[in-house]
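Trainee: Submitted below is the structure of interest, expressed as structure tokens.
The values are calculated or read from the model by the stated rules, or taken from the named source; none is laboratory data. In this text the structure is predicted, and so the values were computed from the model without any measurement. Quick reminder, even Gly has a Cβ in these numbers, built from the backbone with ideal geometry, and neighbours come from all protein chains shown.
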Amino acid sequence: MSEAASEAEMADLPPSAKLVHLVLQENDRMTQSQVTEETQLAGRTVRDALGRLESAGLVTEEICLKDARKRVYTAKGTEPSESEPADSEPADSEPTEADATECTATCD
């Protein structure tokens, strides 16, 4: 997605979705409850914002390997953290033990 398209998508979003996107950009991977706690928004508002962001292609949703009932959200286009080197395998590859460890820390 081009930067111009990304900006156009963001312009159409409500302020709550923009806040959720900002929080996800500042934090590598977060569950819905972590986003709710960080933003101080209502759970329903965060759920709606995450849905809008995912539909706009600005956020990815993954199943937590430790607890399949939970989802982990990541803002697209964010710089990889130190725990995720830039030359790491694509997200659609098979999960590794390191992925499970990272998810365990996120999902707790």
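Trainee: Quick one: in segment 38-84, which of the residues that are modelled with pLDDT of 95 or more and over 14 Å from the mean Cα position of the chain (by Cα) is nearest to Ala8 (Cα to Cα)?
Mentor: Filtering first and then ranking leaves Thr45.
Trainee: In segment 16-26, is there at least one residue being crowded, with 18+ Cβ neighbours inside 10 Å and among the polar types (S, T, N, Q)?
Mentor: no
Trainee: Turning to a different aspect of this structure: Give all pairs with beta carbons closer than 6 Å in which a residue from segment 6-17 that is farther than 14 Å from Ser55 by Cα and at pLDDT 80 or above meets a residue that is in a helix (DSSP H, G or I) and among the small types (Gly, Ala, Ser); count only pairs at least 6 apart in sequence or on separate chains.
Mentor: Sorted first by the residue in segment 6-17, then by its partner, the pairs are Ser16/Ala49.
Trainee: Which condition number does Val35 fail, the rest of (1) modelled with pLDDT of 95 or more; (2) among the hydrophobic types (A, V, I, L, M, F, W, C); (3) touching an Asp or Glu at 6+ places or on another chain (Cβ under 9 Å) being met?
Mentor: The one condition Val35 does not meet is (3).
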